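Everything on this sheet refers to the single structure shown next.
The values are calculated or read from the model by the stated rules, or taken from the named source; none is laboratory data. Not measured: the values here are computed from a predicted model. Cβ placement follows ideal geometry from the backbone for every residue including glycine, while neighbour counts extend to all protein chains displayed.
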Amino acid sequence: MSNQPTQEKKEELDFLGRTRFEFRRAVQFINAKVKPTEEGMVDYIEQPFRQSSVRFPVYMDDGSIKVFTGYRVHHSRLFEPTKGGIRYSPDVDLNMINALAFEMTLKCFVVDLPYGGAKGGVCCDPKKMSRPELDRLTRRYTYEIMPMIGPDLDVPAPDIGTSEREMGIIYDTYMMFNPNVPYASAVVTGKPLSIGGSKGRKEATAQGGAFVLEEAVGKRRVNGLASLKGATVIVQGFGNVGFNIANILHENYQCRIVGICDSRGGIYSKKGFDPKDVLNYKAQSPNRSVVGYNELEPKNAKQMLTSACDILVPAAKENQLIGSFAKDIKAKVVLELANGPTSNLAHEILVDKGVYILPDILANVGGVTVSYFEWLQNKAGESWDLNTVRDKLRIKMTTAYGGTVDTAEKYNLDMRRAAFVFATNKMLEVASCRGIFP
Ligand code: NAD
(Lines give C-alpha, C1' and ligand atoms only; values in the text may rest on other atoms or scores of the structure.)
Protein backbone atom coordinates (compact mmCIF):
# COMPACT_ATOMS: atom_id res chain seq x y z
CA MET A 1 0.00 0.00 0.00
CA SER A 2 2.97 2.34 0.38
CA ASN A 3 2.67 3.23 -3.29
CA GLN A 4 -0.90 4.47 -2.94
CA PRO A 5 -1.36 8.25 -3.03
CA THR A 6 -2.00 9.82 0.36
CA GLN A 7 -2.89 13.32 1.50
CA GLU A 8 0.42 13.75 3.39
CA LYS A 9 2.20 13.95 0.05
CA LYS A 10 0.52 17.24 -0.81
CA GLU A 11 3.61 19.40 -0.17
CA GLU A 12 5.94 16.91 -1.77
CA LEU A 13 9.33 18.43 -2.58
CA ASP A 14 10.81 15.06 -3.50
CA PHE A 15 10.35 15.24 -7.25
CA LEU A 16 10.37 11.45 -7.73
CA GLY A 17 7.82 10.92 -4.93
CA ARG A 18 5.64 13.58 -6.49
CA THR A 19 5.79 12.07 -9.98
CA ARG A 20 4.95 8.62 -8.63
CA PHE A 21 2.12 10.13 -6.55
CA GLU A 22 0.59 11.73 -9.65
CA PHE A 23 1.05 8.56 -11.68
CA ARG A 24 -0.61 6.42 -8.97
CA ARG A 25 -3.47 8.90 -8.72
CA ALA A 26 -3.93 8.64 -12.50
CA VAL A 27 -3.93 4.82 -12.30
CA GLN A 28 -6.58 4.91 -9.55
CA PHE A 29 -8.67 7.18 -11.72
CA ILE A 30 -8.30 4.99 -14.83
CA ASN A 31 -9.06 1.85 -12.79
CA ALA A 32 -12.32 3.42 -11.67
CA LYS A 33 -13.40 5.21 -14.86
CA VAL A 34 -11.88 3.34 -17.79
CA LYS A 35 -10.75 -0.18 -16.96
CA PRO A 36 -8.79 -1.81 -14.15
CA THR A 37 -5.17 -2.89 -14.64
CA GLU A 38 -3.34 -5.69 -12.86
CA GLU A 39 -1.24 -4.18 -10.02
CA GLY A 40 1.88 -6.08 -11.17
CA MET A 41 1.70 -4.36 -14.57
CA VAL A 42 1.36 -0.95 -12.90
CA ASP A 43 4.36 -1.71 -10.69
CA TYR A 44 6.35 -2.77 -13.80
CA ILE A 45 5.71 0.41 -15.75
CA GLU A 46 6.20 2.69 -12.74
CA GLN A 47 9.78 1.67 -11.92
CA PRO A 48 12.87 2.20 -14.11
CA PHE A 49 13.97 -0.96 -15.89
CA ARG A 50 17.68 -0.14 -16.05
CA GLN A 51 19.80 2.31 -14.04
CA SER A 52 23.50 2.87 -13.77
CA SER A 53 25.67 4.90 -11.43
CA VAL A 54 29.31 5.50 -12.39
CA ARG A 55 32.32 7.08 -10.63
CA PHE A 56 35.16 8.31 -12.75
CA PRO A 57 38.29 10.49 -12.45
CA VAL A 58 39.01 13.63 -14.49
CA TYR A 59 42.21 15.70 -14.66
CA MET A 60 41.62 19.31 -13.58
CA ASP A 61 43.60 22.12 -15.22
CA ASP A 62 45.89 22.43 -12.18
CA GLY A 63 47.00 18.79 -12.54
CA SER A 64 44.86 17.48 -9.68
CA ILE A 65 42.42 14.61 -10.16
CA LYS A 66 38.77 14.97 -9.21
CA VAL A 67 36.32 12.06 -9.00
CA PHE A 68 32.78 12.60 -10.30
CA THR A 69 29.58 10.58 -10.00
CA GLY A 70 27.27 10.23 -13.00
CA TYR A 71 24.04 8.41 -13.75
CA ARG A 72 21.99 7.11 -16.64
CA VAL A 73 18.48 5.76 -16.11
CA HIS A 74 16.28 4.01 -18.69
CA HIS A 75 12.80 4.29 -17.31
CA SER A 76 10.49 2.57 -19.78
CA ARG A 77 10.95 -0.03 -22.50
CA LEU A 78 7.36 0.10 -23.68
CA PHE A 79 9.02 1.75 -26.68
CA GLU A 80 12.71 1.73 -27.58
CA PRO A 81 15.08 3.48 -28.00
CA THR A 82 14.81 5.41 -24.77
CA LYS A 83 15.34 9.17 -24.86
CA GLY A 84 16.27 11.89 -22.38
CA GLY A 85 18.62 14.73 -21.57
CA ILE A 86 21.89 14.93 -19.66
CA ARG A 87 22.10 17.35 -16.74
CA TYR A 88 25.29 18.79 -15.23
CA SER A 89 24.48 20.32 -11.84
CA PRO A 90 25.72 20.10 -8.22
CA ASP A 91 22.34 18.76 -7.03
CA VAL A 92 22.19 15.81 -9.46
CA ASP A 93 21.53 12.48 -7.70
CA LEU A 94 19.90 9.18 -8.62
CA ASN A 95 16.50 10.22 -7.23
CA MET A 96 16.42 13.34 -9.40
CA ILE A 97 17.50 11.44 -12.52
CA ASN A 98 14.87 8.78 -11.84
CA ALA A 99 12.15 11.45 -11.56
CA LEU A 100 13.26 13.12 -14.77
CA ALA A 101 13.42 9.76 -16.60
CA PHE A 102 9.87 8.92 -15.46
CA GLU A 103 8.67 12.34 -16.64
CA MET A 104 10.32 11.67 -20.02
CA THR A 105 8.23 8.51 -20.42
CA LEU A 106 5.06 10.44 -19.60
CA LYS A 107 6.00 13.24 -21.99
CA CYS A 108 6.64 10.86 -24.88
CA PHE A 109 3.19 9.37 -24.32
CA VAL A 110 1.53 12.81 -24.10
CA VAL A 111 2.95 13.81 -27.48
CA ASP A 112 2.92 10.32 -29.07
CA LEU A 113 6.62 9.73 -29.68
CA PRO A 114 7.74 6.11 -30.00
CA TYR A 115 10.33 6.39 -27.21
CA GLY A 116 10.70 5.22 -23.64
CA GLY A 117 11.87 7.82 -21.13
CA ALA A 118 15.48 8.13 -19.95
CA LYS A 119 17.69 10.70 -18.25
CA GLY A 120 21.31 11.12 -17.25
CA GLY A 121 23.49 13.51 -15.37
CA VAL A 122 26.72 14.23 -13.58
CA CYS A 123 27.00 15.78 -10.14
CA CYS A 124 29.32 18.72 -10.92
CA ASP A 125 29.24 22.50 -11.05
CA PRO A 126 29.83 23.47 -14.69
CA LYS A 127 29.96 27.18 -13.71
CA LYS A 128 33.13 26.45 -11.73
CA MET A 129 34.86 24.33 -14.40
CA SER A 130 36.89 25.39 -17.42
CA ARG A 131 35.95 24.44 -20.96
CA PRO A 132 38.74 21.80 -21.26
CA GLU A 133 37.74 20.31 -17.88
CA LEU A 134 34.13 20.00 -19.03
CA ASP A 135 35.22 18.47 -22.34
CA ARG A 136 37.31 15.82 -20.52
CA LEU A 137 34.45 15.13 -18.11
CA THR A 138 32.01 14.71 -21.02
CA ARG A 139 34.30 12.29 -22.89
CA ARG A 140 34.87 10.14 -19.82
CA TYR A 141 31.18 10.15 -18.79
CA THR A 142 30.26 9.12 -22.36
CA TYR A 143 32.76 6.27 -22.16
CA GLU A 144 31.31 5.14 -18.82
CA ILE A 145 27.70 5.03 -20.08
CA MET A 146 28.63 3.78 -23.59
CA PRO A 147 27.09 0.30 -23.07
CA MET A 148 23.77 2.01 -22.38
CA ILE A 149 23.55 4.40 -25.36
CA GLY A 150 23.15 3.96 -29.12
CA PRO A 151 20.92 5.14 -31.98
CA ASP A 152 18.48 2.25 -31.37
CA LEU A 153 19.13 1.79 -27.65
CA ASP A 154 19.14 5.15 -25.84
CA VAL A 155 19.58 8.67 -27.24
CA PRO A 156 20.74 11.52 -24.92
CA ALA A 157 20.09 15.26 -25.45
CA PRO A 158 20.91 18.55 -23.65
CA ASP A 159 19.40 19.65 -20.34
CA ILE A 160 20.52 22.04 -17.55
CA GLY A 161 24.26 22.68 -17.74
CA THR A 162 24.76 20.98 -21.12
CA SER A 163 24.45 22.30 -24.65
CA GLU A 164 25.17 21.40 -28.26
CA ARG A 165 28.91 21.43 -27.47
CA GLU A 166 28.56 18.47 -25.07
CA MET A 167 26.29 16.69 -27.57
CA GLY A 168 28.97 17.05 -30.27
CA ILE A 169 31.55 15.53 -27.91
CA ILE A 170 29.23 12.63 -27.02
CA TYR A 171 28.74 11.93 -30.73
CA ASP A 172 32.48 12.07 -31.45
CA THR A 173 33.36 9.81 -28.50
CA TYR A 174 30.68 7.29 -29.47
CA MET A 175 32.01 7.26 -33.07
CA MET A 176 35.56 6.53 -31.87
CA PHE A 177 34.36 3.26 -30.32
CA ASN A 178 31.57 2.39 -32.77
CA PRO A 179 32.87 3.32 -36.25
CA ASN A 180 30.67 0.81 -38.05
CA VAL A 181 27.33 1.60 -36.49
CA PRO A 182 25.00 2.81 -39.27
CA TYR A 183 23.53 6.29 -38.82
CA ALA A 184 25.70 6.76 -35.71
CA SER A 185 24.95 10.50 -35.54
CA ALA A 186 21.49 9.47 -34.27
CA VAL A 187 23.14 8.42 -30.99
CA VAL A 188 22.54 11.90 -29.59
CA THR A 189 20.30 14.88 -30.43
CA GLY A 190 20.71 18.60 -29.86
CA LYS A 191 24.00 18.42 -31.83
CA PRO A 192 25.51 21.36 -33.70
CA LEU A 193 23.93 21.77 -37.16
CA SER A 194 27.23 20.96 -38.90
CA ILE A 195 27.24 17.39 -37.56
CA GLY A 196 23.59 16.48 -38.02
CA GLY A 197 21.73 18.73 -35.58
CA SER A 198 18.23 19.80 -36.53
CA LYS A 199 17.21 23.30 -37.41
CA GLY A 200 14.93 24.61 -34.68
CA ARG A 201 16.20 22.25 -31.93
CA LYS A 202 17.86 24.94 -29.79
CA GLU A 203 14.61 26.89 -29.36
CA ALA A 204 12.30 23.84 -29.64
CA THR A 205 11.27 23.58 -25.98
CA ALA A 206 10.36 27.25 -25.88
CA GLN A 207 8.70 27.20 -29.32
CA GLY A 208 6.60 24.19 -28.31
CA GLY A 209 5.57 26.00 -25.13
CA ALA A 210 4.61 29.07 -27.17
CA PHE A 211 2.41 26.94 -29.45
CA VAL A 212 0.58 25.52 -26.41
CA LEU A 213 0.19 28.99 -24.92
CA GLU A 214 -1.19 30.24 -28.24
CA GLU A 215 -3.81 27.47 -28.16
CA ALA A 216 -4.76 28.20 -24.53
CA VAL A 217 -4.75 32.00 -24.63
CA GLY A 218 -5.09 32.91 -28.30
CA LYS A 219 -7.78 30.36 -29.14
CA ARG A 220 -9.47 29.27 -25.90
CA ARG A 221 -9.08 32.61 -24.09
CA VAL A 222 -8.45 30.96 -20.75
CA ASN A 223 -9.00 33.09 -17.65
CA GLY A 224 -10.22 36.01 -19.72
CA LEU A 225 -6.88 36.50 -21.49
CA ALA A 226 -8.11 37.33 -24.97
CA SER A 227 -4.77 37.64 -26.72
CA LEU A 228 -1.05 37.16 -26.20
CA LYS A 229 -0.46 40.62 -27.69
CA GLY A 230 0.37 42.94 -24.80
CA ALA A 231 0.12 40.16 -22.19
CA THR A 232 2.65 40.63 -19.40
CA VAL A 233 5.12 37.79 -18.77
CA ILE A 234 7.66 36.88 -16.07
CA VAL A 235 10.27 34.27 -16.97
CA GLN A 236 12.23 32.44 -14.27
CA GLY A 237 15.53 31.05 -15.61
CA PHE A 238 17.45 32.72 -18.42
CA GLY A 239 19.32 29.81 -20.00
CA ASN A 240 18.42 28.05 -23.21
CA VAL A 241 14.71 27.62 -22.48
CA GLY A 242 14.18 30.87 -20.53
CA PHE A 243 15.87 33.16 -23.04
CA ASN A 244 14.15 31.53 -26.02
CA ILE A 245 10.62 31.69 -24.56
CA ALA A 246 11.13 35.34 -23.59
CA ASN A 247 12.45 36.10 -27.06
CA ILE A 248 9.72 34.19 -28.96
CA LEU A 249 6.90 35.72 -26.87
CA HIS A 250 8.44 39.20 -27.30
CA GLU A 251 9.19 38.98 -31.04
CA ASN A 252 6.47 36.71 -32.43
CA TYR A 253 3.55 37.38 -30.11
CA GLN A 254 4.23 40.99 -28.93
CA CYS A 255 4.01 39.99 -25.25
CA ARG A 256 5.54 42.38 -22.70
CA ILE A 257 8.37 40.62 -20.83
CA VAL A 258 8.18 42.48 -17.51
CA GLY A 259 10.34 40.16 -15.37
CA ILE A 260 13.38 37.97 -15.93
CA CYS A 261 15.43 36.14 -13.32
CA ASP A 262 18.27 33.69 -13.05
CA SER A 263 20.01 31.94 -10.15
CA ARG A 264 21.45 35.24 -8.84
CA GLY A 265 18.22 37.24 -8.75
CA GLY A 266 15.82 39.05 -11.02
CA ILE A 267 14.83 42.30 -12.68
CA TYR A 268 11.34 43.74 -13.14
CA SER A 269 10.06 46.65 -15.18
CA LYS A 270 6.46 47.47 -16.11
CA LYS A 271 7.72 48.88 -19.41
CA GLY A 272 9.10 45.50 -20.41
CA PHE A 273 12.45 44.21 -21.71
CA ASP A 274 13.90 43.24 -25.06
CA PRO A 275 15.26 39.78 -24.15
CA LYS A 276 18.13 40.08 -26.65
CA ASP A 277 19.39 43.24 -24.90
CA VAL A 278 19.21 41.48 -21.54
CA LEU A 279 21.08 38.50 -22.98
CA ASN A 280 23.85 40.78 -24.31
CA TYR A 281 24.10 42.41 -20.89
CA LYS A 282 24.26 39.02 -19.16
CA ALA A 283 27.00 37.77 -21.52
CA GLN A 284 29.20 40.75 -20.61
CA SER A 285 28.40 41.01 -16.90
CA PRO A 286 31.12 39.67 -14.58
CA ASN A 287 28.58 37.43 -12.79
CA ARG A 288 26.99 36.20 -16.02
CA SER A 289 23.65 37.34 -14.60
CA VAL A 290 20.74 39.57 -15.57
CA VAL A 291 21.09 41.33 -12.19
CA GLY A 292 22.25 44.93 -12.63
CA TYR A 293 20.65 45.40 -16.08
CA ASN A 294 19.76 49.09 -16.54
CA GLU A 295 20.67 49.52 -12.85
CA LEU A 296 17.30 48.08 -11.85
CA GLU A 297 16.91 47.10 -8.24
CA PRO A 298 17.47 43.33 -7.93
CA LYS A 299 14.61 41.13 -6.67
CA ASN A 300 14.81 37.72 -5.03
CA ALA A 301 13.04 34.59 -6.30
CA LYS A 302 9.91 34.95 -4.18
CA GLN A 303 9.53 38.65 -5.09
CA MET A 304 9.87 37.80 -8.77
CA LEU A 305 7.46 34.89 -8.77
CA THR A 306 4.80 36.88 -6.91
CA SER A 307 5.14 40.09 -8.95
CA ALA A 308 2.27 41.24 -11.17
CA CYS A 309 1.96 39.52 -14.56
CA ASP A 310 -0.53 37.65 -16.75
CA ILE A 311 1.72 34.69 -17.56
CA LEU A 312 4.39 33.16 -15.35
CA VAL A 313 6.96 30.90 -17.01
CA PRO A 314 9.11 28.80 -14.67
CA ALA A 315 12.06 27.81 -16.90
CA ALA A 316 14.77 27.10 -14.32
CA LYS A 317 14.46 23.97 -12.20
CA GLU A 318 12.20 21.89 -9.95
CA ASN A 319 10.42 23.00 -6.74
CA GLN A 320 10.32 26.73 -7.46
CA LEU A 321 6.59 27.40 -6.94
CA ILE A 322 5.90 26.13 -3.43
CA GLY A 323 3.04 26.13 -0.96
CA SER A 324 4.43 28.83 1.34
CA PHE A 325 3.84 31.64 -1.19
CA ALA A 326 1.60 30.10 -3.88
CA LYS A 327 -1.39 32.15 -2.69
CA ASP A 328 0.57 35.34 -3.49
CA ILE A 329 1.24 34.40 -7.12
CA LYS A 330 -0.66 36.84 -9.33
CA ALA A 331 -0.34 35.21 -12.75
CA LYS A 332 -3.47 33.98 -14.53
CA VAL A 333 -1.59 31.34 -16.49
CA VAL A 334 1.51 29.30 -15.57
CA LEU A 335 3.48 27.77 -18.45
CA GLU A 336 5.73 25.11 -16.91
CA LEU A 337 8.75 24.87 -19.17
CA ALA A 338 11.03 23.63 -16.37
CA ASN A 339 10.60 20.06 -15.22
CA GLY A 340 8.73 19.72 -11.93
CA PRO A 341 8.69 23.45 -10.98
CA THR A 342 5.49 23.29 -8.88
CA SER A 343 4.98 21.37 -5.62
CA ASN A 344 1.72 19.47 -5.12
CA LEU A 345 0.53 21.91 -2.47
CA ALA A 346 1.36 24.95 -4.60
CA HIS A 347 -0.44 23.31 -7.50
CA GLU A 348 -3.53 22.73 -5.40
CA ILE A 349 -3.52 26.32 -4.11
CA LEU A 350 -3.07 27.73 -7.61
CA VAL A 351 -5.83 25.57 -9.11
CA ASP A 352 -8.16 26.59 -6.26
CA LYS A 353 -7.36 30.23 -7.05
CA GLY A 354 -8.35 29.57 -10.66
CA VAL A 355 -4.85 29.81 -12.16
CA TYR A 356 -4.61 27.88 -15.45
CA ILE A 357 -1.52 25.66 -15.31
CA LEU A 358 -0.02 24.20 -18.46
CA PRO A 359 1.89 21.29 -16.87
CA ASP A 360 5.48 20.38 -17.66
CA ILE A 361 4.73 16.99 -19.23
CA LEU A 362 2.68 18.85 -21.84
CA ALA A 363 4.19 22.35 -22.00
CA ASN A 364 7.87 21.43 -22.43
CA VAL A 365 7.62 18.46 -24.82
CA GLY A 366 8.77 20.61 -27.76
CA GLY A 367 12.40 19.75 -26.94
CA VAL A 368 12.01 15.98 -27.12
CA THR A 369 9.72 16.35 -30.14
CA VAL A 370 12.32 18.17 -32.25
CA SER A 371 14.94 15.75 -30.87
CA TYR A 372 12.77 13.01 -32.38
CA PHE A 373 12.73 14.95 -35.67
CA GLU A 374 16.55 15.21 -35.51
CA TRP A 375 16.81 11.45 -34.94
CA LEU A 376 14.51 10.78 -37.93
CA GLN A 377 16.57 13.13 -40.15
CA ASN A 378 19.83 11.43 -39.09
CA LYS A 379 18.39 7.97 -39.82
CA ALA A 380 17.11 9.05 -43.23
CA GLY A 381 20.18 11.13 -44.14
CA GLU A 382 17.96 14.20 -44.52
CA SER A 383 18.05 17.81 -43.39
CA TRP A 384 14.66 19.51 -43.03
CA ASP A 385 14.23 23.25 -43.40
CA LEU A 386 13.13 25.34 -40.43
CA ASN A 387 9.56 25.79 -41.65
CA THR A 388 9.10 22.03 -41.98
CA VAL A 389 10.39 21.52 -38.41
CA ARG A 390 8.13 24.29 -37.05
CA ASP A 391 5.04 23.06 -38.90
CA LYS A 392 5.53 19.51 -37.68
CA LEU A 393 6.19 20.75 -34.14
CA ARG A 394 3.02 22.86 -34.17
CA ILE A 395 0.94 19.85 -35.23
CA LYS A 396 2.45 17.69 -32.46
CA MET A 397 1.97 20.35 -29.77
CA THR A 398 -1.60 21.27 -30.71
CA THR A 399 -2.58 17.59 -30.90
CA ALA A 400 -1.06 16.94 -27.46
CA TYR A 401 -2.80 20.01 -26.06
CA GLY A 402 -6.12 18.97 -27.65
CA GLY A 403 -5.88 15.45 -26.20
CA THR A 404 -5.13 16.83 -22.73
CA VAL A 405 -7.96 19.39 -22.88
CA ASP A 406 -10.41 16.71 -24.06
CA THR A 407 -9.38 14.51 -21.10
CA ALA A 408 -9.71 17.45 -18.71
CA GLU A 409 -13.18 18.31 -19.98
CA LYS A 410 -14.45 14.73 -20.21
CA TYR A 411 -13.49 13.93 -16.61
CA ASN A 412 -13.56 17.43 -15.07
CA LEU A 413 -9.85 17.42 -14.19
CA ASP A 414 -7.26 20.18 -13.99
CA MET A 415 -4.67 20.15 -16.78
CA ARG A 416 -1.92 18.40 -14.78
CA ARG A 417 -4.13 15.55 -13.68
CA ALA A 418 -5.55 15.35 -17.20
CA ALA A 419 -2.07 15.12 -18.74
CA PHE A 420 -1.13 12.32 -16.31
CA VAL A 421 -4.37 10.45 -17.05
CA PHE A 422 -3.95 10.99 -20.82
CA ALA A 423 -0.36 9.65 -20.79
CA THR A 424 -0.90 6.88 -18.24
CA ASN A 425 -3.92 5.52 -20.08
CA LYS A 426 -1.84 5.21 -23.25
CA MET A 427 1.02 3.56 -21.31
CA LEU A 428 -1.35 0.98 -19.86
CA GLU A 429 -2.83 0.34 -23.29
CA VAL A 430 0.60 -0.30 -24.85
CA ALA A 431 1.63 -2.50 -21.93
CA SER A 432 -1.56 -4.50 -22.28
CA CYS A 433 -1.17 -4.90 -26.06
CA ARG A 434 2.42 -6.08 -25.68
CA GLY A 435 1.73 -8.46 -22.80
CA ILE A 436 4.43 -10.05 -20.66
CA PHE A 437 7.37 -12.06 -22.01
CA PRO A 438 7.53 -15.10 -22.02
P1 NAD B 1 20.11 26.07 -18.71
O2 NAD B 1 21.19 25.47 -17.92
O3 NAD B 1 20.40 26.53 -20.09
O4 NAD B 1 19.46 27.31 -17.92
C5 NAD B 1 19.01 27.22 -16.60
C6 NAD B 1 18.73 28.64 -16.12
O7 NAD B 1 18.06 28.58 -14.86
C8 NAD B 1 19.96 29.50 -15.90
O9 NAD B 1 19.70 30.81 -16.35
C10 NAD B 1 20.13 29.52 -14.39
O11 NAD B 1 20.79 30.68 -13.92
C12 NAD B 1 18.69 29.51 -13.98
N13 NAD B 1 18.46 29.08 -12.60
C14 NAD B 1 19.00 28.03 -11.93
N15 NAD B 1 18.55 27.99 -10.67
C16 NAD B 1 17.70 29.04 -10.54
C17 NAD B 1 16.90 29.53 -9.49
N18 NAD B 1 16.88 28.93 -8.31
N19 NAD B 1 16.14 30.64 -9.73
C20 NAD B 1 16.16 31.24 -10.90
N21 NAD B 1 16.87 30.81 -11.95
C22 NAD B 1 17.64 29.73 -11.76
O23 NAD B 1 18.94 24.97 -18.71
P24 NAD B 1 17.76 24.82 -19.76
O25 NAD B 1 18.14 23.83 -20.79
O26 NAD B 1 17.27 26.17 -20.16
O27 NAD B 1 16.64 24.09 -18.86
C28 NAD B 1 15.78 24.84 -18.00
C29 NAD B 1 14.64 23.93 -17.54
O30 NAD B 1 13.92 23.44 -18.67
C31 NAD B 1 15.08 22.67 -16.76
O32 NAD B 1 14.11 22.35 -15.78
C33 NAD B 1 15.09 21.60 -17.83
O34 NAD B 1 14.98 20.29 -17.30
C35 NAD B 1 13.86 22.01 -18.63
N36 NAD B 1 13.83 21.49 -19.98
C37 NAD B 1 14.85 21.75 -20.84
C38 NAD B 1 14.79 21.25 -22.14
C39 NAD B 1 15.85 21.56 -23.16
O40 NAD B 1 15.64 21.24 -24.32
N41 NAD B 1 16.96 22.18 -22.80
C42 NAD B 1 13.70 20.44 -22.53
C43 NAD B 1 12.67 20.21 -21.61
C44 NAD B 1 12.75 20.74 -20.34
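Data for the structure
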{"quantity": "Matching residues in the stretch 323-348 - criterion: being among the β-branched types (Val, Ile, Thr) and under 21 Å from the mean Cα position of the chain (by Cα)", "calculated": "Val333, Val334, Thr342"}
{"quantity": "Selection within the stretch 46-65 - polar (S, T, N, Q) and assigned to a loop (DSSP other than H, G, I, E, B)", "calculated": "Gln47, Ser64"}
{"quantity": "Residue list for the stretch 76-92, filter: charged (D, E, K, R), surrounded by fewer than 21 Cβ atoms within 10 Å (Cβ to Cβ) and within 15 Å of the ligand (Cβ to nearest atom)", "calculated": "Asp91"}
{"quantity": "Entirely in the stretch 256-369, the helices (runs of 4 or more DSSP H) that have 3 or more residues that are within 14 Å of the ligand (Cβ to nearest atom)", "calculated": "275-284, 301-305, 360-363"}
{"quantity": "Among the candidates Ala380, Ala431, Ala419, residue that is closer than 26 Å to Ala32 by Cβ and surrounded by fewer than 24 Cβ atoms within 10 Å (Cβ to Cβ)", "calculated": "Ala431"}
{"quantity": "Unique residue being loosely packed, with under 13 Cβ neighbours inside 10 Å, touching a strand residue (DSSP E or B) at 6+ places or on another chain (Cβ under 7 Å), among the aliphatic types (A, V, I, L, M) and touching a residue at least 12 places away in the same chain (Cβ under 8 Å) when the list is Val58, Val67, Val73", "calculated": "Val67"}
{"quantity": "Unique residue being under 30 Å from Ala231 (Cα atoms) and buried (at least 21 other Cβ atoms within 10 Å of the Cβ) when the list is Val110, Val187", "calculated": "Val110"}
{"quantity": "Some residue of the stretch 393-400 being in a helix (DSSP H, G or I), within 16 Å of the ligand (Cβ to nearest atom) and touching a Lys or Arg at 6+ places or on another chain (Cβ under 7 Å)", "calculated": "no"}
{"quantity": "Residue match in the stretch 36-45 (condition: surrounded by 15 or more Cβ atoms within 10 Å (Cβ to Cβ) and assigned to a strand (DSSP E or B))", "calculated": "no"}
{"quantity": "Per-region count, the stretch 98-124, residues touching a helix residue (DSSP H, G or I) at 6+ places or on another chain (Cβ under 9 Å) and in a helix (DSSP H, G or I)", "calculated": "12"}
{"quantity": "Residues being surrounded by 23 or more Cβ atoms within 10 Å (Cβ to Cβ) and in contact with a Lys or Arg (Cβ under 7 Å, 6 or more places away or on another chain) - total across the stretch 212-226", "calculated": "0"}
{"quantity": "Complete set of residues in the stretch 295-350 that are among the charged types (D, E, K, R), under 26 Å from Tyr253 (Cβ atoms) and touching a residue at least 60 places away in the same chain (Cβ under 8 Å)", "calculated": "Asp310, Lys317, Lys332"}
{"quantity": "Breaking point among (1) within 12 Å of the ligand (Cβ to nearest atom); (2) within 20 Å of Gly200 (Cα to Cα), for Asn378", "calculated": "(1)"}
{"quantity": "Test for Arg165: is it surrounded by fewer than 19 Cβ atoms within 10 Å (Cβ to Cβ), under 22 Å from the mean Cα position of the chain (by Cα) and modelled with pLDDT of 95 or more", "calculated": "yes"}
{"quantity": "Only one of Ile395, Ile436 that is out of contact with any helix residue (DSSP H, G or I) (no Cβ under 6 Å at 6 or more places or on another chain) and closer than 23 Å to Ala157 by Cβ", "calculated": "Ile395"}
